[in-house]
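Data first, discussion second: the structure below is written as structure tokens.
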Amino acid sequence: MADQDLGAPLLKSKQQHVVITVDSQLRPVKPINHKHKNNGITDTTTNNSHHHGNGTQTQTPFDFLQIDDLPTNSSTVDPFRNQTPNIDNLYECLKIVICLPLVIVRVVLLGICLLVGFVATKIALQGWKDKQNSLPKWRCRVMWIPRICSRCILFSFGYHWIRRKGKPTSRETAPIVVSNHMSYIEPIFFFYELFPTIVASESHDAIPFVGTIIRAMQVIYVNRFSPSSRKYAVNEIKRRASCDRFPRLLLFPEGTTTNGRAIISFQLGAFIPGYPVQPVIVRYPHVHFDQSWGNISLAKLMFRMLTQFHNFMEVEYLPVVVPAENQKENAALFAQRTSHAIASALNVVRTSHSYGDLMLLTRAVESKQENVSSYMVEMAKVEQLFHMSTVEAMEFLEKFLSMNPDPSGYVQLHDFLKVLRLKACPLAEQIFNFIDVERNEKITFKQFLITSAYIRKQRLFRQAYELAFSRCDLAGNGLISKQEFRSSIAHAVPDLRDDEIHELFDLFDSNGDGRICRDDFTTCLRKNPLLIALFSPILLHNDLTGLDSSDEEIVN
């Protein structure tokens, strides 16, 4: 009976589906210390001092901020790496040669299916203007033609049969379906299987053929970097989930494709409305060819699929997850429980990576870095702990890349100082050593970003740069001249030559008018928070906690 279920096509069933009510009790998160790890972010207790590898402690250039814990990122998981990006064995080479004549047949079938599906979709959408309501029934019946075409497309890519386990529940029980996301294959499969409404990036609308088809799925477009667009998408998800006239909604809460060896952080759009969701897991069992869309081009991935005798795919519908009463108000908790259910079924780990990590990874690839995995920092955790956006993280990455990292992704002291426009001196070495928690005499992007974000997030950071500006503004006119700047940092960086002070001054003087205003000063230190150490001699003996509460740091 089980084997029949695995191979059976999707049919309506009168059987009742299992519904799981999520436990609403979660253990409180304990403060991180040197003995605990939290999703790859490990904290090392410093007690206002920096720990060396030999157990000794030294004063840091940031003691005036009353630092307690210095976090470092120790995760080595790469959830985006395709395991077989290259053809590197004789078996694969022979198989490709043998299958080349078959590729021609498959491409012809693929083209015919795309053309027929496109024409049928255009007919279904012809004259349809009421986009706020569901597609009329007769138009939905016409859409069966492109749905069948999509199954033929899967067949042309080598998915001759697809093993299924479990059944999709009724829309009334769970109006939202969520799934892990490994390839462009899953949207094609779910289009045939469920014909759901999907949430997609606005850029997908411009894709030939595909854009027309997803419009027929009454897609909800979203710009992930626009708060207003995200808010609109959440409202639309809630509206359509509550209306039986719309088909069920399908979301990939990871927000991007992974290699299936980890579940990355979930976006909350599917969980904010508080409706029951049915998790679905997709697997691609393989030996020689990893079908995930990772560090491999789309054209190469499609070619590899077309030159396989058969590509294996398994789909498993999990029990419905129903939020407890308190979770209807806590989307993060609901998402966490659903993520746990999917990860457990897949038997993989959960990480705090996000689409932001993929952006960092892509930029590292574009800059010809070899060890690109070292440029991921688990952005979901960074955003949560330090309130640093992906856009800001990308700016720090550009700065780090300008430091000329070696093939392993490490930066040496002299390149670090050159970009921050610091001369070699005890203070500069202390700043570098503060980042170099592994005592390797070189630093990684993870260490640079997290240390910078950590310094900027300190409760006293805003008070520190406000006080530093007032102490540097010797004339009291709201502007810092080059001479005032030189005098203010003379104790921290002595014996500065004219060209050295000029370069450092220009870093703060963003508009190049020869004076540093308060906005220039603030902007520079928020982009280069490590440079707050330049003012440590004039801040060290001041009680920053005694400043007015209005000076507390404003977090983005």
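Readers should treat all values here as calculations from the given coordinates under stated rules, not as data from a laboratory. As the structure is a prediction and not an experimental result, all values here were calculated from the model. Cβ atoms come from the backbone with ideal geometry, glycine included; neighbour counts cover every protein chain shown.
Values computed for the structure shown
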{"quantity": "Chain lengthening between S344 and L115 when straightened (0.36 nm per residue, less Cα-Cα)", "calculated": "78.4 nm"}
{"quantity": "FRET E, pair D495, T76, Förster distance 41 Å, beta-carbon r, rounded to 0.05", "calculated": "0.45"}
{"quantity": "Cα-based Rg of region 391-434 normalised by 2.2 N^0.38 Å, two decimals", "calculated": "1.18"}
{"quantity": "Region 341-456: Lys pairs at Cα distance under 23 angstrom, eight or more positions apart or on different chains", "calculated": "13"}
{"quantity": "Distant-in-sequence amide H partners of V349 (H built 1.01 Å from N, under 5 Å)", "calculated": "I263"}
{"quantity": "Net charge of neighbours whose Cβ lies under 12 Å from the Cβ of A174, counting Lys and Arg as +1 and Asp and Glu as -1", "calculated": "+2"}
{"quantity": "Overall dimensions of region 113-153 as given by Cα atoms, namely Rg and Dmax in Å", "calculated": "10.5, 31"}
{"quantity": "Estimated D of region 260-355 in µm² per second, where Rh is the Kirkwood radius over Cα pairs and Stokes-Einstein applies at 37 °C, 0.692 mPa s", "calculated": "215"}
{"quantity": "Spread of Cα-to-Cα distances over 10 Å intervals beginning at zero, given as percent, for region 76-168", "calculated": "13, 26, 28, 21, 10, 2"}
{"quantity": "Label-to-label distance, nm, for residues given as E172 and W138 (7 Å Cα→Cβ offset)", "calculated": "2.8"}
{"quantity": "Rg and Dmax of region 156-241, Cα atoms only, in Å", "calculated": "14.3, 42"}
{"quantity": "Alpha-carbon spread of region 185-335, three principal axes, descending order, Å", "calculated": "48, 33, 29"}
{"quantity": "Backbone HN-Hα couplings from phi across region 266-277 [Karplus 6.51/-1.76/1.60, Hz, Gly and Pro as x]", "calculated": "8, 6, 9, x, 6, 10, 4, x, x, 8, x, 10"}
{"quantity": "Point-to-point label distance, D406-Y232, nm (Cα→Cβ direction, 7 Å offset)", "calculated": "5.0"}
{"quantity": "Orientation-averaged projected area, Cα convex hull of region 333-446 (nm²)", "calculated": "8.6"}
{"quantity": "Karplus (6.51, -1.76, 1.60) ³J(HN,Hα), θ = phi - 60°, over region 87-97, in Hz, Gly and Pro reported as x", "calculated": "8, 10, 9, 5, 4, 5, 4, 5, 5, 5, 4"}
{"quantity": "Globularity ratio of region 139-186, using Cα Rg and 2.2 N^0.38 Å", "calculated": "1.39"}
{"quantity": "√(5λ) per eigenvalue of the Cα gyration tensor, region 384-483, largest first, Å", "calculated": "27, 18, 13"}
{"quantity": "Ratio Rg/Rh, restricted to region 276-410 and using Cα atoms, in which Rh is the Kirkwood radius", "calculated": "1.04"}
{"quantity": "Dimensions in Å of region 347-393 - Rg and Dmax from alpha carbons", "calculated": "11.3, 34"}
